[in-house]
Amino acid sequence: MDNIIEKIRKENLLGRSGSMFPVCLKWESVKNSDQKERYVICNASEGEVETFKDYYILKNHKEDVIEGINLAIKEMEAKRGYIYLNASYFDEFGKELQEFCGEKIKVIKKRGGYIGGEETSVIEAIEGNVPEPRIKPPFPSQVGLWGLPTLVNNVETLYCVAKINKGEYEGERFFSIFGDAPNKGVFVFPKDISVRELLEKTNNIPSFDYFVQVGGGGGGDIMLPSEIDCTINSLGSVIIYNKEIDKYQLMKKWANFFLEGNCDKCTPCREGLYRIMEMIEEEDFDEIEKMFFVMQKTSLCPLGVVAVKPFKTLLEKIIYKENENKN
Ligand code: SF4
């Protein structure tokens, strides 16, 4: 009989936070550590704009998520598990979830902005510190909570682990579809479904001209309808936008989201986002590519890298072309 790590390996489960990192490798890294004290964290901080799949899973399938956490605690021989829960979710059902978890798992309310959900920020927050990212490496699987090996997995990942253990996993994935979608919601489909099939099967192909943002309503890439015959290799989130939307307002919304959600720890992200906001307000993008380059190459944590993606893809695929047509 395969142990749980072998079962996860056979299913080639990839992290469902959007990282797409092989889950079995993370589990092995923690399990094989020389340190005897270890921890497990279920990252339920879900903070991407208009993305609610982890909320849906915790509301409808909390038993499986808890089972996944308990399997991880057992396999890691961990001292304790934590669920680091989005603050509004905590207010809504944190107490009930804690009662359901038992003593070995503690539910903790998320602090800080969007970056408070990055795995090393989560660790800092649970330790009682300001929730800011740590420099990686070392990775949490080696140096995590209180300097000890820590497994950090997303809600959906741990749900899948429980399903794999019971022999019930069929390669499913949860997809959050919001924005101007005609039929908003969270849907379950095979993980390799294309964006187009996903929209077709959920009655979400709009009757108006549209574009989509895939991978989160903050850090996801903009895609045109001609580009959506592909699978989603990032966060399971699709936002639909009416093409008539005010795209400058949309970019301001993203810029505000990242300005409020980042931690201001490093200069490229902190100052770069202010400069991007200025460029949007002045509708002058001559220098913006240089700003994208600096942010992507020198930001301390992944937020500075992903923050660039929606601006860059919206400008290149839509705004520059619309401006050319006007001239
Ligand atoms: S890139 Fe820098 S400022 Fe932005 S969230 Fe990460 S550490 Fe904080």
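So which strands (runs of 3 or more DSSP E) are wholly in segment 164-240 and hold at least 1 residues that are more than 27 Å from Gly113 (Cα to Cα)? Show your work before the answer.
Numbers: elements: 172-179, 185-190, 210-214, 221-223.
Counting at least 1 such residues, we get 172-179, 185-190, 210-214.
Going through segment 255-290 one residue at a time, which ones are more than 14 Å from the ligand (Cβ to nearest atom) and closer than 17 Å to Tyr320 by Cβ?
Met279, Ile280, Glu282, Glu283, Asp284, Phe285, Asp286, Glu287, Ile288, Glu289, Lys290
For segment 226-249, how many residues are aliphatic (A, V, I, L, M) and touching a helix residue (DSSP H, G or I) at 6+ places or on another chain (Cβ under 7 Å)? Break it down into steps so the answer makes sense when it comes.
Residues of segment 226-249 that are aliphatic (A, V, I, L, M), as a first pass: 228, 232, 235, 238-240, 245.
Checking which are touching a helix residue (DSSP H, G or I) at 6+ places or on another chain (Cβ under 7 Å) leaves us with 228, 232, 238.
Residues in segment 226-249 being aliphatic (A, V, I, L, M) and touching a helix residue (DSSP H, G or I) at 6+ places or on another chain (Cβ under 7 Å): 3 in total.
Can you pull out the residues in segment 219-231 that are modelled with pLDDT of 95 or more and either of a type outside the set (A, V, I, L, M) or in contact with a strand residue (DSSP E or B) (Cβ under 6 Å, 6 or more places away or on another chain) (or both)? Let's see the steps before the verdict.
To start, the set of residues in segment 219-231 that are modelled with pLDDT of 95 or more comprises 220-231.
Of everything in segment 219-231, those that are modelled with pLDDT of 95 or more and either of a type outside the set (A, V, I, L, M) or in contact with a strand residue (DSSP E or B) (Cβ under 6 Å, 6 or more places away or on another chain) (or both) turn out to be Gly220, Asp221, Ile222, Met223, Leu224, Pro225, Ser226, Glu227, Asp229, Cys230, Thr231.
Condition first: more than 22 Å from Gly116 (Cβ to Cβ), surrounded by fewer than 18 Cβ atoms within 10 Å (Cβ to Cβ) and of a type in the set (Gly, Ala, Ser). Can you find one or more residues in segment 32-50 that meet it? Steps first, please.
Pass one, segment 32-50, residues more than 22 Å from Gly116 (Cβ to Cβ): 32-38.
Narrowing the set further to residues that are surrounded by fewer than 18 Cβ atoms within 10 Å (Cβ to Cβ) leaves 32, 34-37.
Okay, now just the ones that are also of a type in the set (Gly, Ala, Ser), so none.
The answer is no; no qualifying residue exists.
Does segment 300-311 contain at least one residue that is closer than 30 Å to Gly171 by Cα, under 21 Å from the mean Cα position of the chain (by Cα) and away from the ligand (no atom under 16 Å from the Cβ)?
no
Could you run through segment 276-297 and say how many residues are surrounded by fewer than 16 Cβ atoms within 10 Å (Cβ to Cβ) and at negative phi? Break it down stepwise before answering.
Taking segment 276-297 as the starting set, the residues that turn out to be surrounded by fewer than 16 Cβ atoms within 10 Å (Cβ to Cβ) are 278, 281-284, 286-287, 289-290, 293, 297.
If we keep only those that are at negative phi as well, we get 278, 281-282, 284, 286-287, 289-290, 293, 297.
Here the count works out to 10.
Quick one: in segment 238-254, of everything that is surrounded by fewer than 18 Cβ atoms within 10 Å (Cβ to Cβ) and within 17 Å of Ser207 (Cβ to Cβ), which residue is nearest to the ligand (Cβ to nearest atom)?
The extreme case among them is Ile245.
The values are calculated or read from the model by the stated rules, or taken from the named source; none is laboratory data. What you see is a predicted model; the values in this text were computed from it and never measured. Positions of Cβ are backbone-derived with ideal geometry, glycine not excepted, and every protein chain shown enters the neighbour counts.
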